[in-house]
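*Asks:* Next up is a structure, given as structure tokens.
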Amino acid sequence: MTGKLDKFCLVAAVFALLSLVFPLSGVDIDTGKNVAFVSDLPGLASAMVACVVAGVVFTWYGVTSVLRACIVLAVVVFGAWQAVAALYHQGLAGYASYGFWMFIFSLWALVWRAIDVIANYHSLENGKQQTANIIVPVAFGIWLLFLWEVITAGFGVPQVLLPPPSMIGARFASSTGILWDDFRQTFLKAVIAGYVLGCGSGLIVAIAVDRVPFLKRGLLPLGNMVSALPIIGVAPIMVMWFGFDWQSKAAVIVIMTFFPMLVNTVSGLSAAGRLEKDLMATYASGYWSTLFRLRLPAALPFIFNALKINSTLALIGAIVAEFFGTPIVGMGFRISTEVGRMNVDMVWAEIALAALAGTAFYGAVAFAERKVTSWHPSFRVRRH
Amino acid sequence: MTTDAATLPTAAAGPTLWGRMMKGQTGPVCVMLIGLFVLWYVGAVFMNMPGQIDRYARAKQDWTPLQLVEATLAQDRPVLPAPHQVAQEMYKTIFATKITSKRSLVYHTWVTLSSTLLGFGIGTLLGIVLAVGIVHVQTLEKSLMPWVISSQTIPILAIAPMIIVVLGAIGLKGLIPKAMISTYLCFFPVTIGMVKGLRSPDHIQLDLMRTYNASRWKTFAALRWPSAMPFLFASLKVAIAISLVGAIVGELPTGAQSGLGARLLAGSYYGQTVQIWAALLTAAFVAAMMVVIVGLMEKRVLERMGVRA
Amino acid sequence: MTLQAVVNNVAPMAASKDVVVDIQKMSLTFQTADGPVYALSEVDLTINKGEFVSFIGPSGCGKTTLLRVIADLERATGGDILINGVSPQQAREDRSYGYVFQAPALLPWRSIERNVTLPLEIMELSKEERLRRAHEALKLVELNGFEKKFPWQLSGGMQQRASIARALSFDADLLLMDEPFGALDEIVRDHLNEQLLKLWARTNKTVAFVTHSIPEAVFLSSKIVVMSPRPGRIIDVIETDFAKDRTLDIRETPEFLEVAHRVREGLRAGHSYDD
């Protein structure tokens, strides 16, 4: 006993206890289906009892170690499994009632406590710490998916409004061919080409602009202004100029990514400190030598900032540009046509793909940033 | 070292207005804009030229270079309309059309603007409330912050059509769904900026408030909120711009009859390039104006707080 | 040793062949929005080979500016200045001096070793030569073993030593130091002062050293230049004659205190109380 009762576990125990008493499903007047109680669902009942036990035990003794947190998580996994089984195999889907939601709430309290404990885990061993650092967001994400599934199935949310993740997952798995084609068209062709061209030209123009103060003063305010404009609106024009295929999307991306890179690089090039510039002057270092040895490295954090902003802009730009016309392939095309057919699960599969691709793209840029600018103070966790 | 050395008052002759303009930003920006304008004309001539030559050839008509240039700047559906064509179209649809008419750009602009502002308002409020909660309640920080961040992995602009259609299916039509997209886009930068801003006071300043035994509310009102103002306005500029983009993209799906986005889409369907450019320039103007207005508000507020511009 | 032997009034400028820095009637005026600022006025100064010259004076007396003019980081607006018999620009292009700033100014993305080799890289030396010299320079400042570390992994004093190694690495005969130890605490500063003195004795370099600490100036220098502000000018030049292998103990000797007193008097006399 730690002297203090664990509030979260207490809540979990109380709600699990209540769920044993309250009806698990409501009445359907049309079919005259019975209200279901614990006695009708032995599997779920066992999970509820497990939650009560775990809740009471840990209320008293506290979730004081990672091992205990893992035990709690195991109870939650068992409970979640039984809840899903009850929804789909015992006909609770669409009829779930108070008792069921109390049980879900009890699980929520438990999972919260367990994740909290793991999140606050500190180890001097790198491996253990990293494992804990990975478990927390993963467990949180899985919990969110479970919640989404249970809520859409339990309340019988119309699939048009929001399909459950299982359905999206099934759709994703069964249409990998189409998804791959769309991914290749939108991401591998349009996004990559537009991103490289846009960022590259932004960088080069920035270096050129930096040499001419007049250009710098004239272009910088304009560049800042352009980033506030709805550039995506040039998409129909680009489609007219460059045709329906990926080239027009790449053109949109080039325009969208050019200005953030320009503005960031120009301000990055003046980021080198006065002392460092004087230092290079005492070495009689030439323009290019100073550029490559001092100013570009000092500008790297700014350049990476633009690369990160642009990685998100590029994907969104490509998808939205496809709304204005595209050959019969591509993520934006698929989204707009499947929405028209009310195939919302396919739309969500594309969204999942977009989120995945976008996150991976951003993650790759962020990883490169970490590798290349590891010297920057923002990446320094502690002094060695 | 050198700054506080001897200073002698002198009647230095002020630089000329022209010199000052060229030294500051105004002059260069104007030169750039004029350059852009010239480039636009040159581009219009060259991009429209092949089509025009084709047309002459089909009509078996002779032409002089001067005629060709004139014709390229007066086509009905040019590849790139000349600035004066766009200006004429904008004049026609903004000033010479009744604003209640469906052909009036003012009408379409208002449709887009109203959902932009509604979404911006709700999004900003939501963003501020979330930020205040996150800064003051530790549990909220741990629970809400991951949600706020993961909410942005969904490319909302890309699924805007679905949201519009789905919400339409359950009876939500018109202003609200578009405003919801704008809200979703708006709240994120505001939350992130405000969390940063509300946390920006130094430790010493917070400790000072503790020595006064100031309540949380007093600390918030006297220290956190004022220090967050620069961050808030920086976020607001991003938010208002992105809110407009959200509203425009929300108007893209088939069925949207009005708004600048619908004008863009209709223009691209019927190859009305002049209409597209007019809608685009109007959208750009609206965006610029909104950012300028937020900027002016920022200036006023910060001036009142004694921050030197 | 009599006091007279230790403290001499500066002799008239010797036109010897060993003059490293020769400044005559030099002045520098900044044009600002509020009118001209007279940073330096009518400065005459000679630095001979092997001397350790300190510039001391209150803030705004132009001592840093004077050093920056010697380094061609600022241009004089009047008078003549020769470094090794050539113009400061030519001297800079010949890489004839090493400069140590108030802050270490190490590039954070380079390891200590690569920071020290930076000037050598710009001078396009071969890789083996660069590494050899960096190793030597780091040994001189007792930083061997820290080659692969990054600047942030070193303490402030070590960082400043690394920046001194960087200035030594290309073997310039003239070392310009602008309050190099100003940001360090006194204990580290004493230690680095001793090290610097040893370095000076061993390498026989010419050092120009800006400081606002009287004990530091007296302890280190063979010649102390006292400056005063508004406009920046030289009001006294004091030559000292302490042994080259002196240690911190001499700070308690009457000779030391006598020189320090004279420096303080000079500073007081030159200070205008109009502010």
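The values are calculated or read from the model by the stated rules, or taken from the named source; none is laboratory data. The structure displayed is predicted, hence computed values, not measured ones. Cβ sites come from the backbone with ideal geometry, for glycine too, and all protein chains shown count toward neighbours.
Condition check ((1) within 24 Å of residue C:65 (Cβ to Cβ); (2) surrounded by fewer than 19 Cβ atoms within 10 Å (Cβ to Cβ); (3) not small (Gly, Ala, Ser)) across all residues:
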{"site": "C:161", "(1), (2), (3)": "no, no, yes"}
{"site": "C:180", "(1), (2), (3)": "yes, no, yes"}
{"site": "C:187", "(1), (2), (3)": "no, yes, yes"}
{"site": "C:216", "(1), (2), (3)": "yes, no, yes"}
{"site": "C:229", "(1), (2), (3)": "yes, no, yes"}
{"site": "C:259", "(1), (2), (3)": "no, no, yes"}
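*Asks:* Further question on the same structure: Give just the number: which of (1) within 28 Å of residue C:213 (Cβ to Cβ); (2) more than 9 Å from chain A (Cβ to nearest Cβ); (3) more than 18 Å from the chain's Cα centre (by Cα) does residue C:164 not satisfy?
*Replies:* (3)
*Asks:* Please find, within segment A:231-244, the residue that is modelled with the lowest pLDDT out of those that are surrounded by fewer than 17 Cβ atoms within 10 Å (Cβ to Cβ) and more than 8 Å from chain B (Cβ to nearest Cβ).
*Replies:* That would be A:243.
*Asks:* Of the residues in segment B:236-254, how many are more than 10 Å from chain A (Cβ to nearest Cβ) and more than 13 Å from residue B:290 (Cα to Cα)?
*Replies:* The qualifying residues number 2.
*Asks:* May I ask you to verify whether residue A:228 is buried (at least 18 other Cβ atoms within 10 Å of the Cβ), within 26 Å of the chain's Cα centre (by Cα) and not in a helix (DSSP H, G or I)? Show your work before the answer.
*Replies:* Values: buried (at least 18 other Cβ atoms within 10 Å of the Cβ): yes; within 26 Å of the chain's Cα centre (by Cα): yes; not in a helix (DSSP H, G or I): yes.
Yes.
*Asks:* Does segment B:151-198 hold any residues that are out of contact with any helix residue (DSSP H, G or I) (no Cβ under 8 Å at 6 or more places or on another chain) and in a helix (DSSP H, G or I), and which are they?
*Replies:* B:169 - this is the single residue of segment B:151-198 that is out of contact with any helix residue (DSSP H, G or I) (no Cβ under 8 Å at 6 or more places or on another chain) and in a helix (DSSP H, G or I).
*Asks:* Tally time: how many residues in segment C:201-233 are in a strand (DSSP E or B) and away from chain B (no Cβ under 14 Å)? Walk me through it before giving the result.
*Replies:* Applying the first criterion (in a strand (DSSP E or B)) to segment C:201-233 yields C:206-211, C:223-228, C:233.
Imposing the further condition that a residue be away from chain B (no Cβ under 14 Å) reduces the set to C:206-209, C:223-226.
Of the residues in that region, 8 qualify.
*Asks:* Same structure again: Has segment B:32-41 got at least one residue that is within 30 Å of residue C:32 (Cα to Cα) and either β-branched (Val, Ile, Thr) or not assigned by TED's automatic domain parsing to the domain that holds residue B:282 (or both)?
*Replies:* yes
*Asks:* Within segment A:285-342, can you find the residues that are part of a loop (DSSP other than H, G, I, E, B), polar (S, T, N, Q) and modelled with pLDDT under 85?
*Replies:* Residues of segment A:285-342 part of a loop (DSSP other than H, G, I, E, B): A:285-286, A:323-330, A:341-342.
Next, from what is left, pick out any that are polar (S, T, N, Q): A:285, A:326.
Residue satisfying the conditions is A:326 alone.
*Asks:* Out of segment C:76-106, which residues are touching a residue at least 40 places away in the same chain (Cβ under 8 Å) and closer than 14 Å to residue A:278 by Cα?
*Replies:* C:95, C:97, C:98, C:99, C:100, C:101, C:102, C:103, C:104, C:105, C:106
*Asks:* Residues in segment C:240-262: is at least one away from chain B (no Cβ under 14 Å), of a type outside the set (Lys, Arg), touching a strand residue (DSSP E or B) at 6+ places or on another chain (Cβ under 6 Å) and closer than 20 Å to residue C:45 by Cβ?
*Replies:* Among the residues of segment C:240-262, not one is away from chain B (no Cβ under 14 Å), of a type outside the set (Lys, Arg), touching a strand residue (DSSP E or B) at 6+ places or on another chain (Cβ under 6 Å) and closer than 20 Å to residue C:45 by Cβ, which makes the answer no.
*Asks:* Does residue B:188 fit the bill of being touching a residue at least 40 places away in the same chain (Cβ under 8 Å) and surrounded by 17 or more Cβ atoms within 10 Å (Cβ to Cβ)?
*Replies:* Taking the combined requirement at face value, the residue satisfies it.
*Asks:* Are any of the residues in segment A:356-374 away from chain C (no Cβ under 14 Å), part of a loop (DSSP other than H, G, I, E, B), within 21 Å of residue A:166 (Cβ to Cβ) and at pLDDT below 90?
*Replies:* Within segment A:356-374 (the criterion being away from chain C (no Cβ under 14 Å), part of a loop (DSSP other than H, G, I, E, B), within 21 Å of residue A:166 (Cβ to Cβ) and at pLDDT below 90), the answer is no, since none of the residues qualifies.
*Asks:* Find the residue count for segment A:165-194, including only residues that are touching a Phe, Trp or Tyr at 6+ places or on another chain (Cβ under 9 Å) and more than 27 Å from residue A:141 (Cβ to Cβ).
*Replies:* 5
*Asks:* Can residue A:107 be described as within 22 Å of residue A:36 (Cα to Cα) and touching a strand residue (DSSP E or B) at 6+ places or on another chain (Cβ under 7 Å)?
*Replies:* No.
*Asks:* Would you say residue A:302 is among the aromatic types (Phe, Trp, Tyr), touching a residue at least 12 places away in the same chain (Cβ under 8 Å) and buried (at least 23 other Cβ atoms within 10 Å of the Cβ)?
*Replies:* no
*Asks:* When residues of segment B:92-117 are filtered for being under 21 Å from residue A:230 (Cα atoms) and either part of a helix (DSSP H, G or I) or touching a Gly at 6+ places or on another chain (Cβ under 7 Å) (or both), how many remain?
*Replies:* Number satisfying all stated conditions: 15.
Here is a yes/no grid of residues against (1) within 14 Å of chain C (Cβ to nearest Cβ); (2) under 21 Å from residue C:96 (Cβ atoms); (3) of a type in the set (S, T, N, Q):
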| site | (1), (2), (3) |
| --- | --- |
| A:256 | no, no, no |
| A:262 | no, no, no |
| A:271 | yes, no, no |
| A:278 | yes, yes, no |
| A:283 | yes, yes, no |
| A:289 | yes, yes, yes |
| A:295 | yes, no, no |
| A:299 | yes, no, no |
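*Asks:* Check whether at least one residue in segment A:333-347 is more than 11 Å from chain B (Cβ to nearest Cβ) and crowded, with 24+ Cβ neighbours inside 10 Å, and report yes or no.
*Replies:* So far as segment A:333-347 goes, no, none of its residues is more than 11 Å from chain B (Cβ to nearest Cβ) and crowded, with 24+ Cβ neighbours inside 10 Å.
*Asks:* Within segment C:150-158, can one find any residue that is within 19 Å of residue C:201 (Cβ to Cβ) and either modelled with pLDDT under 90 or more than 12 Å from chain A (Cβ to nearest Cβ) (or both)?
*Replies:* Among the residues of segment C:150-158, not one is within 19 Å of residue C:201 (Cβ to Cβ) and either modelled with pLDDT under 90 or more than 12 Å from chain A (Cβ to nearest Cβ) (or both), which makes the answer no.
*Asks:* When segment A:53-86 is examined, which residues are found to be outside any helix (DSSP H, G or I) and on the phi < 0 side of the Ramachandran plot? Lay out the reasoning, then the answer.
*Replies:* First, the residues of segment A:53-86 that are outside any helix (DSSP H, G or I): A:62-65.
Selection gives A:63, A:64, A:65.
*Asks:* Kindly indicate whether residue C:251 is surrounded by 14 or more Cβ atoms within 10 Å (Cβ to Cβ), at pLDDT below 85 and more than 23 Å from residue C:65 (Cβ to Cβ). It would help to see each step written out before you state the result.
*Replies:* Working: surrounded by 14 or more Cβ atoms within 10 Å (Cβ to Cβ): yes; at pLDDT below 85: yes; more than 23 Å from residue C:65 (Cβ to Cβ): yes.
Criteria met by residue C:251.
*Asks:* For residues that are free of Cβ contacts under 8 Å to residues at least 60 places away in the same chain and of a type in the set (Gly, Ala, Ser), scanning just segment A:202-225, find the one that is surrounded by the fewest Cβ atoms within 10 Å (Cβ to Cβ).
*Replies:* Only one residue fits best here, namely A:208.
*Asks:* Among the residues of segment B:255-281 satisfying the criterion of being within 10 Å of another protein chain (Cβ to nearest Cβ) and hydroxyl-bearing (Ser, Thr, Tyr), which is farthest from the chain's Cα centre (by Cα)?
*Replies:* B:269
*Asks:* On to the next question. Can you tell me which residue in segment C:235-246 is surrounded by the fewest Cβ atoms within 10 Å (Cβ to Cβ), limited to those that are in contact with a helix residue (DSSP H, G or I) (Cβ under 7 Å, 6 or more places away or on another chain) and farther than 12 Å from residue C:218 by Cα?
*Replies:* Top of the filtered list is C:245.
*Asks:* Can you give me the number of residues within segment C:118-140 that are farther than 20 Å from residue A:274 by Cα and either within 8 Å of chain A (Cβ to nearest Cβ) or buried (at least 22 other Cβ atoms within 10 Å of the Cβ) (or both)?
*Replies:* Looking only at that region, the number is 7.
*Asks:* Considering only residues that are charged (D, E, K, R) and within 13 Å of chain B (Cβ to nearest Cβ), which ones fall in segment A:245-254?
*Replies:* Of everything in segment A:245-254, just one residue is charged (D, E, K, R) and within 13 Å of chain B (Cβ to nearest Cβ), namely A:249.
*Asks:* Please tell me if residue C:27 is part of a strand (DSSP E or B), out of contact with any Phe, Trp or Tyr (no Cβ under 9 Å at 6 or more places or on another chain) and within 13 Å of chain B (Cβ to nearest Cβ).
*Replies:* Answer is no for this residue.
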